[in-house]
Amino acid sequence: MGLYRTVFDNFVHIRKNGYFLDAAREFIKYGGTSMNIVNFPDYFYTPDSYYEMLYKDTIEVAKAVSAAGINTLTTIGPYPLDYFYFRSAGKDPVFYMEKGIDMAISIIDSGNADAMGEIGYPHFPVAHDVYSDSEIILEYALEACHDHNIPLILHTEDMNEEGYLRLESLIKRHYKVNRVLKHHANPCDLKFQDNILKSVIASRKNTRAAINSGKDFLLETDYTDQKEKPGKVIPVYSVPKRAEMIKNMYKDHDEIFHKIFELIPFNFYGKEFFDK
Ligand SMILES: [Zn+2]
């Protein structure tokens, strides 16, 4: 369809044992051009090989998707719920997840991946010690990304303004706030006074609310290609579909596209990643 030069989905999980290249083709068919592929936890690896195998798989998927014609970014890193996996395996989650961060950093430094994520806190209420351990891991990741100038993607619980402001001050103790974004944010979060970049699920309602807020944001599907749970997530072609909606609804659509598909992602990840 070629609606616009760049149609970018900021957060997608695609797996070899999911819909894999079928999902990529579906995205292209509706006019998608670029996506950020984030590792999806698959707990069938042993704790000791976990991150090595997970990152390797994710990078292979991103290379195949890229060969299928999509401009891809690759995001790797420990997922907050990995904590429970290591703990139930009798391992120290903080130690294992910090190792996972170190490994991700060296892979990103070598040029085989582009960003760190998804790092942060479980999205449901957890015991105090789990939350504070998650924060130790997050602070470790922020420091590491600071040292290596790597963009970091947060996964957290839904937050009110106070939560975002607390998170912003935590980020600022370790890194620059403009190198960090929160994925799966709600469009109402855009009204808050913090400076954390938000990536919003690309439903019709959310997209309209995000545009009408006048704030900077990114669109994502958080698509998960789980054949075993169809209908759990919005379709992989949602961002290209929203581009079509924007084109039909907003007179200044070119300006909107330029902002959400180019200016903001280029600033956050670096333009060179979109020229690959
Ligand atoms: Zn997430």
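For the range 23-67, what are the residues that are farther than 17 Å from Ile108 by Cα, among the acidic types (Asp, Glu) and at pLDDT 95 or above?
Glu26, Asp48
Got a sec? Which of Asp48, Asp22, Asp42 is within 16 Å of the ligand (Cβ to nearest atom) and farther than 18 Å from Leu73 by Cβ?
Every option except Asp42 fails the conditions.
Give the residues of the range 161-186 that are within 15 Å of the chain's Cα centre (by Cα) and hydrophobic (A, V, I, L, M, F, W, C), sorted by residue number.
Hits for the range 161-186 are Val180, Leu181, Ala185.
Residue check: is Tyr164 more than 24 Å from Phe273 (Cβ to Cβ), more than 14 Å from the ligand (Cβ to nearest atom) and surrounded by 16 or more Cβ atoms within 10 Å (Cβ to Cβ)?
When the stated conditions are applied, Tyr164 passes them.
What is the number of the single condition among (1) in contact (Cβ under 8 Å) with a residue 60 or more places away in the chain; (2) of a type outside the set (Phe, Trp, Tyr); (3) surrounded by fewer than 16 Cβ atoms within 10 Å (Cβ to Cβ) that Gly117 does not meet?
(3)
When the residues of the range 238-249 are filtered to those that are within 10 Å of Thr207 (Cβ to Cβ) and not small (Gly, Ala, Ser), which remaining residue is surrounded by the most Cβ atoms within 10 Å (Cβ to Cβ)?
Val239
Just for helices (runs of 4 or more DSSP H) wholly inside the range 230-273: which have at least 3 residues that are of a type in the set (Phe, Trp, Tyr) and within 20 Å of Leu73 (Cβ to Cβ)?
Fully inside the range 230-273 and qualifying: 264-269.
Among the residues of the range 48-83 satisfying the criterion of being without any contact (Cβ under 8 Å) to a residue 24 or more places away in the chain and farther than 30 Å from Lys271 by Cα, which is surrounded by the most Cβ atoms within 10 Å (Cβ to Cβ)?
Among residues in the range 48-83 that are without any contact (Cβ under 8 Å) to a residue 24 or more places away in the chain and farther than 30 Å from Lys271 by Cα, the one surrounded by the most Cβ atoms within 10 Å (Cβ to Cβ) is Asp48.
What single numbered condition from (1) closer than 16 Å to Glu139 by Cα; (2) touching a helix residue (DSSP H, G or I) at 6+ places or on another chain (Cβ under 6 Å) fails to hold for Lys176?
All conditions are met except number (2).
Which one of Val233, Val180 is crowded, with 23+ Cβ neighbours inside 10 Å and touching a residue at least 12 places away in the same chain (Cβ under 8 Å)?
Every option except Val180 fails the conditions.
Are any residues in the range 189-215 under 12 Å from Tyr164 (Cα atoms) and among the hydrophobic types (A, V, I, L, M, F, W, C), and if so, which ones?
Leu190, Phe192, Ile196, Leu197 - these are the residues of the range 189-215 that are under 12 Å from Tyr164 (Cα atoms) and among the hydrophobic types (A, V, I, L, M, F, W, C).
The values are calculated or read from the model by the stated rules, or taken from the named source; none is laboratory data. From a predicted model like this one, the values you see are computed outputs, not experimental measurements. Don't worry about glycine lacking a Cβ; one is built from the backbone with ideal geometry, like all the others, and counts go over all protein chains shown.
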